[in-house]
1. For residues in region B:175-192 being surrounded by 15 or more Cβ atoms within 10 Å (Cβ to Cβ) and not in a helix (DSSP H, G or I), which is farthest from the other protein chains (Cβ to nearest Cβ)?
2. Scan region A:1-20 residue by residue and report those that are β-branched (Val, Ile, Thr) and surrounded by 12 or more Cβ atoms within 10 Å (Cβ to Cβ).
3. Checking the conditions here, which among B:LEU171, B:LEU208, B:LEU146, B:LEU166 is within 14 Å of another protein chain (Cβ to nearest Cβ) and modelled with pLDDT under 90?
4. Can you name the number of the only condition in (1) assigned to a loop (DSSP other than H, G, I, E, B); (2) in contact with a strand residue (DSSP E or B) (Cβ under 7 Å, 6 or more places away or on another chain) that A:ARG6 fails?
5. If I ask for residues that are β-branched (Val, Ile, Thr) and closer than 20 Å to B:GLU155 by Cβ, which ones from region B:171-200 would you list?
Amino acid sequence: MQISVRRIDKTAILELTGSIDLSSSPAVRKILLNELRESRTPRVILNLEKVKYIDSSGVASLVEGLRASRDIGSRLLLFGLTPVVREVLQISRLLKIFEIYENEQQALSA
Amino acid sequence: MVLRGSRRCENHDRENSSIEFVPLCYHCLRKNSRFFFALRAQGLERRALICTPHFAQQAGRQVYTLNPDLLLKLEFPSNPELLCVVRGAMERLTERMGFSERESRSVTRAVDEAVTNIIRHAYRGQPNQPIVLTCYRLPKAVGSELAQGLEIVLEDQGEPPDPGRLRGRSLDEIKPGGLGLHYIRESMDVVEFSSSGGTNQLRLVRCLRPENTIQDS
């Protein structure tokens, strides 16, 4: 799993590449929560275009990030969901809970 | 066809004391699918110890036995880094069996979550603890409408789970955690847990839908 961070104004775009499972979700969680709780970034966007797999611990990290963003009044947005990620969020009944966009441009404009 | 009493392979003229029911060696049995399925229909497949003379020749006449329904057996330590290996094996196996791409992802996800639960809860994150994953082909009984399928058995020597945790949680509440069991139940037709003699066993079954067929190897 690789995680890279780009910043555009007051937005952080986290690009995740690879599989998010028990071995990598702690790193995803740490970076996401750090961005929200420590840096207090007003808008965090997750690019999931290159995520090949996500398990329940990965979904839990996203949910934790969502809760943290609500706690501090910032926004967490997702884009580029692969069929694998979409399927997992769907069976978790979380598709309507997250702000989801097709691409980066749409997420930045939202 | 005689199923009992013979310990001699009809084609290879070999006798082996490890054969209980099958009068053919494994090599011939694989070529004789009619006999193979007749054996299964009588519920003998799990008791039949089958000789493998071709392997025996190569291994200094040591005779191995093989369960004809065994598809895959993996023994690996409780290391999260190995989850991707397990997923890779399950994806290939389910594709080979004729599961659709979506079904294959679903079964793979269930196994991944089950192994994750073993690592996190049974072994409390301790690495290098033993996990055994065994996959069997479930045959279609003669005259039955039941589909063929895949049986997956996961075994560990960790702490047995709290029965309350096995019920899972409601998805109405938006909170992290507790989703793994939901994924497993959503993916599999049968989910059974048992614990005996220090070994926990999780049995998962996924039937092939009627439109799919198992490729006869």
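1. Going through the qualifying residues, I end up with B:VAL191.
2. If the condition is that a residue be β-branched (Val, Ile, Thr) and surrounded by 12 or more Cβ atoms within 10 Å (Cβ to Cβ), then A:ILE3, A:VAL5, A:THR11, A:ILE13, A:THR17, A:ILE20 are the ones that fit.
3. Being within 14 Å of another protein chain (Cβ to nearest Cβ) and modelled with pLDDT under 90 holds for just one of B:LEU171, B:LEU208, B:LEU146, B:LEU166, which is B:LEU171.
4. All conditions pass for A:ARG6, except number (1).
5. The initial filter retains those residues of region B:171-200 that are β-branched (Val, Ile, Thr), namely B:174, B:184, B:190-191, B:199.
If the condition is that a residue be β-branched (Val, Ile, Thr) and closer than 20 Å to B:GLU155 by Cβ, then B:ILE184, B:VAL190, B:VAL191, B:THR199 are the ones that fit.
The values are calculated or read from the model by the stated rules, or taken from the named source; none is laboratory data. For clarity, every value in this text was computed on a predicted model and none was experimentally measured. Positions of Cβ are generated from backbone atoms using ideal geometry, with glycine treated the same way; all protein chains shown enter the neighbour counts.
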